1. All but one of (1) assigned to a helix (DSSP H, G or I); (2) closer than 18 Å to Glu240 by Cβ; (3) within 16 Å of the ligand (Cβ to nearest atom) hold for Glu70; state the number of the condition that does not hold.
2. Can you give me the number of residues within the stretch 254-277 that are β-branched (Val, Ile, Thr) and either without any contact (Cβ under 8 Å) to a residue 12 or more places away in the chain or outside any helix (DSSP H, G or I) (or both)?
3. Just checking, how many residues over the stretch 157-184 are under 13 Å from the mean Cα position of the chain (by Cα) and farther than 19 Å from Val285 by Cα?
4. Which number in (1) of a type in the set (Ser, Thr, Tyr); (2) over 16 Å from the mean Cα position of the chain (by Cα); (3) surrounded by 15 or more Cβ atoms within 10 Å (Cβ to Cβ) marks the one condition that Ser304 misses?
5. Does Ser61 satisfy being more than 16 Å from the ligand (Cβ to nearest atom), among the small types (Gly, Ala, Ser) and in the same structural domain as Gln131 (by the TED database)?
6. Scan the stretch 137-158 and give yes if some residue there is in a loop (DSSP other than H, G, I, E, B), of a type in the set (Gly, Ala, Ser) and touching a residue at least 12 places away in the same chain (Cβ under 8 Å), otherwise no.
7. Looking at (1) within 16 Å of the ligand (Cβ to nearest atom); (2) in contact with a Ser or Thr (Cβ under 9 Å, 6 or more places away or on another chain); (3) not in a loop (DSSP other than H, G, I, E, B), can you tell me which one His215 breaks?
Amino acid sequence: MHRITHGFIGTVGNTPLIRLGTLSKQTGCNILAKAEFLNPGGSVKDRAALYVVQDKENDGSLRPGGTVVEGTAGNTGIGLAHVCAAKGYRCVIYMPDTQSIEKIQALRVLGADVRPVPAVPFTDPLNYNHQAKDFALSTPNAVWTNQFDNIANRLAHYETTGPEIFAQTNGDVDAFTCATGTGGTLAGTAMFLKQKKPNVRIVLADPPGSVLYRHVHDNVLERTGTGSVTEGIGQGRVTENLHGAPIDDAVHVEDIRSIAMVYRLLRDEGIFVGASSGLNVAAAVQVAQKLGPGHTVVTILCDSASRYQTRLFSRSWLDAKGLYDAVPEDCRNLVSL
Ligand code: PMP
């Protein structure tokens, strides 16, 4: 039973862990997925948003009436917009203009000042993160929460997501896998689980275009493949949040498998989640197959598909991305836009 919470902030975290029945049966493993889409702002990033704001309050740089500025693919921004509304801060969000319209609309409704900017690499001074930092530096009483390199982000997962998973599984967890954007979820959860259970296997899941799969395997930072339709994940560098994380292995998941899993989860489990969640579950299945029957593999359901509905369930979008063939035959009637 849920207790009475102190405002919005008390509702972040403590999400259910869902056993994915069909996939568990198929693999002979326990495939468990943390329902982060049930957070009040709708994603795993609510946890990090709360912690980075508290970090700036604690170090004295964020004061009443202040402004919070962040560069984000959208979900951290939505989490921040909630926290700022609840705490009375102004919220300014820089995001790449490639992100879904649903996320931009949610941010606007929540009162954030949204600034879509061209999607250019981190090395370009016009990258959304640098623009967020520059704006914060030139604005009185403004802070840049710096989710990529502020380790208050991974602390959120070290102090909440990791302990929740450990408690929910009674410590019976053999592997944890998820994709990384900032790396906060993977690193913080991994650091906690490894501390409790040193032989737990931590597997980074990477989409096309991200450098981390090869970094884990060959220790090189080199871009492979083109881009990915999975929003919010994939990385071109080792962020401070990822730095030193205890990672044992990495898997690479093509978009075709991530999208197919989005549809399978909907059809077989009634779970409506975005493409990064599809990727995470596909990775969990791969890890389970490698470990063999009888193991417990945990992953993250990052956010809801409602955040991408006009893309993931649109025939013209799927065709434009060459991904209609990813939709399983028995799910084609779900392509409804
Ligand atoms: N999935 C989605 C949909 C996201 O928005 C993000 C964060 N950008 C992630 C996964 C990755 O989380 P993290 O930043 O903790 O690596």
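The values are calculated or read from the model by the stated rules, or taken from the named source; none is laboratory data. Here the structure is a predicted model, which means the values were calculated and not measured. A quick note on method: Cβ atoms are made from the backbone with ideal geometry, for glycine too, and the neighbour counts reach across all protein chains shown.
1. (1)
2. 2
3. 6
4. Against the list (1) of a type in the set (Ser, Thr, Tyr); (2) over 16 Å from the mean Cα position of the chain (by Cα); (3) surrounded by 15 or more Cβ atoms within 10 Å (Cβ to Cβ), Ser304 comes up short only on (2).
5. yes
6. No, the conditions are met nowhere in the stretch 137-158.
7. All conditions pass for His215, except number (2).
Residue by residue, here is whether (1) more than 20 Å from Ala305 (Cβ to Cβ); (2) surrounded by fewer than 24 Cβ atoms within 10 Å (Cβ to Cβ) holds:
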residue	(1), (2)
Leu80	yes, no
Lys87	yes, yes
Arg90	yes, yes
Gln105	no, yes
Pro116	yes, yes
